[in-house]
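The values are calculated or read from the model by the stated rules, or taken from the named source; none is laboratory data. Since we're looking at a predicted model, the values are computed, not measured. With ideal geometry, Cβ positions are generated from the backbone for all residues, glycine too; neighbour counts draw on all protein chains shown.
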Amino acid sequence: MRLHVADHPLVAHKLTVLRDRETDSPTFRRLADELVTLLAYEATRDVRTTTVELRTPVAAATGIRLATPKPLVVPILRAGLGMLDGMTRLLPTAEVGFLGMIRDEKTLEATTYANRLPDDLSGRQCYVLDPMLATGGTLAAAVHFLLDKGAEDVTALCLLAAPEGIANLREAVGDDDRVGVVTAGVDERLDADGYIVPGLGDAGDRLYGVV
Ligand code: URA
């Protein structure tokens, strides 16, 4: 599994304001959006491209364009929706599929309750949006779901990760380099309720309010 922790003062600044419990919901949304765009820049380093010939106003030139099939962006409901605009700002031609996953409190298995994705993901590069990599159960299930449908590779963008979540995901996918995580930070630990410490609280509640 690939792991990239974005190391940049702008990332650290935005993450610090997101963590602050005094930050209100509109500011949280805007900063999360900006932070995702910075993470998207890192996460798309290996996006597939194709060489093209063109003419500038001055001369013939060679360049690259994004290849087909188009990348697929997959926000995990609900909190992943708050990351969508930040991602598609950099990948406006990407297609977007939605995945709703819920954890069964008895079996602790994550199951899919909503799926708006193409059936066949052969050759598709997928970018999963899930703000908090806590236990890793949901993300592992989402990654397997996409790989089972034929995805070529799956890169998750997470605002924050816990060491436990990274370890669990690594155990679930092994050394499969088709799977990657790009995050703004790896925190200390999970608490007994599954919150990342120090973290930023419940990302969904901070984005959308408590419902
Ligand atoms: N989900 C969240 O929203 N926050 C955490 O700290 C852990 C999981």
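Every condition in (1) away from the ligand (no atom under 14 Å from the Cβ); (2) modelled with pLDDT of 95 or more; (3) closer than 21 Å to residue 47 by Cα; (4) of a type outside the set (Lys, Arg) is met by residue 159 except one, and the failing one is (1). When the stretch 39-55 is filtered for residues that are of a type outside the set (A, V, I, L, M, F, W, C) and over 22 Å from residue 89 (Cα atoms), the ones remaining, listed by number, are 51, 53, 55. Can you tell me which residue is farthest from the ligand (Cβ to nearest atom) among those in the stretch 185-211 that are in a helix (DSSP H, G or I) and of a type outside the set (Asp, Glu)? Among those residues, the one meeting the criterion is 208.
Give just the number: which of (1) at pLDDT 95 or above; (2) exposed (fewer than 15 other Cβ atoms within 10 Å of the Cβ); (3) more than 23 Å from residue 42 (Cβ to Cβ) does residue 193 not satisfy? The failed condition is (1). Of 82, 97, 86, 63, all but one fail to be crowded, with 21+ Cβ neighbours inside 10 Å, over 15 Å from residue 132 (Cα atoms) and not aliphatic (A, V, I, L, M); the exception is 86.
Please determine whether any residue of the stretch 105-114 is aromatic (Phe, Trp, Tyr) and over 25 Å from residue 5 (Cα atoms). Yes, that holds for at least one residue. Number of residues in the stretch 178-190 that are in contact with an Asp or Glu (Cβ under 8 Å, 6 or more places away or on another chain) and either of a type in the set (D, E, K, R) or surrounded by fewer than 12 Cβ atoms within 10 Å (Cβ to Cβ) (or both) equals 2.
Within the stretch 158-182, residues that are closer than 17 Å to residue 80 by Cβ sit with their Cβ atoms under 6 Å from residues that are among the polar types (S, T, N, Q), at 6+ positions apart or across chains, in these pairs: 158/183; 161/183; 165/135; 180/155.
When you check residue 147 against the structure, is it surrounded by fewer than 19 Cβ atoms within 10 Å (Cβ to Cβ), among the aliphatic types (A, V, I, L, M) and within 29 Å of residue 70 (Cα to Cα), yes or no? Here the answer is yes, as residue 147 does meet what is asked.
Listed here are the residues, each with its yes/no results for (1) more than 13 Å from the chain's Cα centre (by Cα); (2) of a type outside the set (A, V, I, L, M).
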site: 150; (1), (2): yes, yes
site: 159; (1), (2): no, no
site: 170; (1), (2): yes, yes
site: 182; (1), (2): no, no
site: 189; (1), (2): yes, yes
site: 197; (1), (2): yes, no
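The set of residues in the stretch 19-44 that are farther than 17 Å from residue 85 by Cα, touching a helix residue (DSSP H, G or I) at 6+ places or on another chain (Cβ under 6 Å) and assigned to a helix (DSSP H, G or I) is empty.
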